[in-house]
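A.B. asks: Mind having a look at this structure? Questions to follow.
The values are calculated or read from the model by the stated rules, or taken from the named source; none is laboratory data. The shown structure was predicted, so the numbers you read here are calculated from the model rather than taken from an experiment. In this analysis, Cβ positions are derived from the backbone assuming ideal geometry, glycine residues included, and neighbour counts consider all displayed protein chains.
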Amino acid sequence: MKKSVKKFIPLSLAFSMTIGVTALPMVTSAATTKDKEIQPKITWDQEKGIPDFVSGKLSKKKVKNKGDALAFLKEDNNLFKVDAGEFQVKDITTDELGMTHYRTEMTIDGISVYGSDLYVHVNKNGEVYTVNGEIEPKIENKKWSKQVKLSANEAVAKAESYLELPSSMSYTSEPTSDLYLYQDKKQWLPVYLVELQFLEPYPGREFVFVSAKDGKVVEAYNAISEAAATGTGKKSDGTTVSLNTYSSGGQFYLYDTTKPMNGVIETYTANNRTQLPGNYVTDNDNVFNASAQAAAVDAHYNAGITYDYYYNTFGRNSYDDNGSSLVSTVHYGQDYNNAFWNGSQMVYGDGDGTTFSPLSGALDVIAHELTHAVTESTANLVYQNQPGALNESMSDVFGTIVEAYDGDMDWLMGEDVYTPGTRGDGLRSMKDPTLYNQPAHMNNYVNTTADNGGVHTNSGIPNKAFYNIATKIGLDKSGKIYYRALTTYLTSQSDFADARSALLQAANDLYGESSSEYTAVENGFAAVGINGSGGVGGDETPGSDNYEPNDNINNAFGPLTSGKTYQSFISTTTDEDFFKFNANSGNNVRINLSNLPDDYDVYLYNSGGSLVGSSENARTRSETINHSISQSGTYYVLVVGWNGANSVSNPYHLTVSVN
Ligand code: D38
Ligand code: ZN
């Protein structure tokens, strides 16, 4: 509430500005000719047009007790005099200066007026020297209590259903429900002010104003955010860090409300069980230094750093860029040697103490998990085969970058928690994936059905490409290029070749096609055997099918460049390869299929999907179709093995010439 600066105001003026408050002959008489120079000082509540702080010699009679104080308000006081209702003394204190303070509340028809606290302050001599607070001068004096139709308990039930709280609530203190007169959109009405304190399903100190007339909620707010606190925590590495916490009911929680999020960063413990999210991690004195708290401190602190990285670097507000809560649970299961993102939150095991120490102790692990969430809400790379390995690689890439953002640069993943008894090792290496049984080149791509098609294995190939790039242009620029590719160009089915294209496009956008950054991406991928297959007519990669999936007319690869030779594979008995090209009416098209390892055939379809040409020579004889185009449009070429013919070792050569 805006208040004017404290200043002397002649009483006549005070009087004229006082609306709805009876005049003050008494105060004038209190300032008798004898002490005329002592004018009361008045500050004003400008919204209500009434004084809210008045100091001076205000009382005529001595005020010795509660009754005198009320009598003063009723008879002597004119500045704060109300037309309706009366005052009740709620509290009396006497301080070390010998002054007595009567805290009163305005009531009408026995109902307290919400927010109408008025203090009467009495000095050692029994003189009222200050009156301050808020009154409501404009309420009608009527039988408000007649309008009350709900009981206090019914109001609690209305508040609970308004907040959609579960039926089995456990309150941290007994709900209260008190009747007040309350102004809602200029209308006065009796309400129950219901206060509910709880920790689940979210930390709440909810104040709900329920109309006592009809049970409607007229106002509600959660006061818990006022409990934000700053504590300290001891991490598993022994360092002490500052933590954003909050206090409630005499306890402190790993609950961070300080970020510009819609949600919060909150950390739970599963208490070595597997129920998620588990229970809040609490502490009595906001110093989270017990050894059993270290895993939670690590998770909470590291989630904050990862949030900061994405927010400060890219303006990304949490994993979904919508400020959603970052929820972590530690002490998941028993001796659990892993960590994961479950689609809604991060989960960390304690490890068995030999293979792993508690996994939240590693910032790269936390950034890895959180990046799975970022990927899920952006490119949404499916967690299988090449897209799955790319998904893994993105998590390792940002695991590395976020750890470096925190001042700890290395090329290993999980080294801070993996095999606590062995120094210098990790789970994966970006620099040399082969150290941990990962391929570092397409020549060694692992075809497997295990681990969703080897997502944690083949990630070594794009990881090594990242290493190649980052060692040329640095982590900052690499992070920008990778983030842009992840959030702007990659899609759910993107494979390694698509990642190359996406990263090249991102590098082009940010630094230009002739920049050293662009070249670094090109060379970084070429060195692991991922060349320009995404670009039409580029070099082919031995042993890999660069144009898959092109198994039907709708995902045909192309448009092909006229006259260029494309190498690819019919890799299974049922594989079919579609390509497309554009041609105009009057063009002559020549399709050549050669270098055949087996009996392959070729077919030509028009844009309507009708067969317009074919070549079905026996055995490994080359195939040729000549066709003159009568209608402009997209045409489709189908390469297929006769009777299941295929080869994963020898690529066919396809050339389409449009003249
Ligand atoms: C090694 C050993 C034992 C267990 C594991 C690995 C051993 O050497 O004996 C299991 N494990 C843990 C991890 N990877 N495999 C580490 C984490 C870290 C580095 C992020 C990891 N977790 C997977 C992920 O987030 O991708 O990579 C968890 C995937 C779970 C999907 N169901
Ligand atoms: Zn992962």
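A.B. asks: Here is a list of conditions, (1) within 12 Å of ligand 1 (Cβ to nearest atom); (2) buried (at least 16 other Cβ atoms within 10 Å of the Cβ), and ASN437 meets all of them except one; can you say which number that is?
C.D. replies: (2)
A.B. asks: Let me ask something else about it. List the residue pairs whose Cβ atoms are under 6 Å apart, where the first residue sits in segment 365-386 and is within 17 Å of GLY453 (Cα to Cα), the second is within 11 Å of ligand 2 (Cβ to nearest atom), and the two are 6 or more positions apart or on different chains.
C.D. replies: LEU381/THR375; LEU381/ASN391; TYR383/ASN391; TYR383/ASN452; GLN384/ASN452
A.B. asks: Being assigned by TED's automatic domain parsing to the domain that holds PRO201, crowded, with 16+ Cβ neighbours inside 10 Å, charged (D, E, K, R) and over 22 Å from ASN65 (Cβ atoms) is the requirement here; does LYS186 meet it?
C.D. replies: no
A.B. asks: Please work out which residue is farthest from the chain's Cα centre (by Cα), limiting yourself to segment 352-362 and to residues that are buried (at least 24 other Cβ atoms within 10 Å of the Cβ) and within 11 Å of ligand 1 (Cβ to nearest atom).
C.D. replies: PHE356
A.B. asks: Quick one: which of ARG428, ARG423 is assigned by TED's automatic domain parsing to the domain that holds LEU490, within 12 Å of ligand 1 (Cβ to nearest atom) and of a type in the set (Lys, Arg)?
C.D. replies: ARG428
A.B. asks: Moving on to the next point. How many residues does segment 126-159 hold that are in a helix (DSSP H, G or I) and either buried (at least 18 other Cβ atoms within 10 Å of the Cβ) or without any contact (Cβ under 8 Å) to a residue 12 or more places away in the chain (or both)?
C.D. replies: Result for segment 126-159: 7.
A.B. asks: On to the next question. Identify all residues within segment 36-77 that are polar (S, T, N, Q) and either buried (at least 20 other Cβ atoms within 10 Å of the Cβ) or at pLDDT 80 or above (or both); write none if there are none.
C.D. replies: Passing the criteria: THR43, SER55, SER59, ASN65, ASN77.
A.B. asks: Tell me, which residue of segment 432-483 that is aromatic (Phe, Trp, Tyr) and within 30 Å of TYR311 (Cα to Cα) is farthest from the chain's Cα centre (by Cα)?
C.D. replies: Only one residue fits best here, namely TYR467.
A.B. asks: Only one of (1) part of a loop (DSSP other than H, G, I, E, B); (2) in the same structural domain as TYR310 (by TED's automatic domain parsing) fails for PHE252. Which number is that?
C.D. replies: With (1) part of a loop (DSSP other than H, G, I, E, B); (2) in the same structural domain as TYR310 (by TED's automatic domain parsing) applied to PHE252, the lone miss is (1).
Conditions (1) over 20 Å from PRO277 (Cβ atoms); (2) in contact with an Asp or Glu (Cβ under 9 Å, 6 or more places away or on another chain), marked per residue:
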residue	(1), (2)
PRO166	no, yes
SER173	yes, yes
SER177	yes, yes
LEU189	yes, no
LEU193	yes, yes
GLU200	no, no
VAL210	yes, yes
VAL218	yes, yes
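A.B. asks: Turning to a different aspect of this structure: Going residue by residue through segment 557-572, is there one that turns out to be of a type in the set (A, V, I, L, M) and more than 25 Å from SER632 (Cα to Cα)?
C.D. replies: Checking segment 557-572: at least one residue is of a type in the set (A, V, I, L, M) and more than 25 Å from SER632 (Cα to Cα).
A.B. asks: What is the number of the single condition among (1) within 15 Å of ligand 2 (Cβ to nearest atom); (2) of a type outside the set (Ser, Thr, Tyr); (3) buried (at least 20 other Cβ atoms within 10 Å of the Cβ) that ASP451 does not meet?
C.D. replies: (3)
A.B. asks: For segment 414-426, which positions are buried (at least 24 other Cβ atoms within 10 Å of the Cβ) and of a type in the set (Gly, Ala, Ser)?
C.D. replies: Those that are buried (at least 24 other Cβ atoms within 10 Å of the Cβ) and of a type in the set (Gly, Ala, Ser): none in segment 414-426.
A.B. asks: Enumerate the pairs (first residue in segment 613-640 and more than 19 Å from ASN550 (Cα to Cα); second residue anywhere and among the basic types (Lys, Arg)) with beta-carbon separation below 6 Å, excluding pairs fewer than 6 apart on the same chain, so at least 6 apart or on different chains.
C.D. replies: Between residues of segment 613-640 that are more than 19 Å from ASN550 (Cα to Cα) and residues that are among the basic types (Lys, Arg), the close pairs are ASN626/ARG590.
A.B. asks: Looking only at residues that are away from ligand 2 (no atom under 13 Å from the Cβ), within 20 Å of the chain's Cα centre (by Cα) and not in a loop (DSSP other than H, G, I, E, B) in segment 372-413, which one is surrounded by the most Cβ atoms within 10 Å (Cβ to Cβ)?
C.D. replies: Per the stated criteria, the residue is GLU403.
A.B. asks: Further question: With the condition kept exactly as written, say whether any residue in segment 310-322 is within 16 Å of ligand 2 (Cβ to nearest atom), under 11 Å from the mean Cα position of the chain (by Cα) and not aliphatic (A, V, I, L, M).
C.D. replies: Yes, because at least one residue in segment 310-322 is within 16 Å of ligand 2 (Cβ to nearest atom), under 11 Å from the mean Cα position of the chain (by Cα) and not aliphatic (A, V, I, L, M).
A.B. asks: Moving on. Could you list, ordered by first residue, the pairs with Cβ atoms under 9 Å in which the first is in segment 335-354 and within 19 Å of THR419 (Cα to Cα) and at pLDDT 95 or above and the second is of a type in the set (Asp, Glu) and not in a loop (DSSP other than H, G, I, E, B), at least 6 apart or interchain?
C.D. replies: ALA339/GLU369; PHE340/GLU369; TYR348/ASP298; TYR348/GLU369
A.B. asks: Looking at (1) of a type in the set (D, E, K, R); (2) assigned to a loop (DSSP other than H, G, I, E, B); (3) under 25 Å from SER360 (Cβ atoms), can you tell me which one LYS213 breaks?
C.D. replies: LYS213 satisfies all of (1) of a type in the set (D, E, K, R); (2) assigned to a loop (DSSP other than H, G, I, E, B); (3) under 25 Å from SER360 (Cβ atoms) except (3).
A.B. asks: On to the next question. Checking the structure you have, find out if any residue of segment 370-383 is at pLDDT 95 or above, farther than 27 Å from SER494 by Cα and of a type in the set (Asp, Glu).
C.D. replies: No: segment 370-383 contains no residue that is at pLDDT 95 or above, farther than 27 Å from SER494 by Cα and of a type in the set (Asp, Glu).
A.B. asks: Test GLN334 against the stated conditions and say whether it is more than 16 Å from the chain's Cα centre (by Cα) and closer than 22 Å to ALA450 by Cβ.
C.D. replies: No: the conditions fail for GLN334.
A.B. asks: Does SER167 count as outside any loop (DSSP other than H, G, I, E, B) and surrounded by fewer than 19 Cβ atoms within 10 Å (Cβ to Cβ)?
C.D. replies: It is false that SER167 is outside any loop (DSSP other than H, G, I, E, B) and surrounded by fewer than 19 Cβ atoms within 10 Å (Cβ to Cβ).
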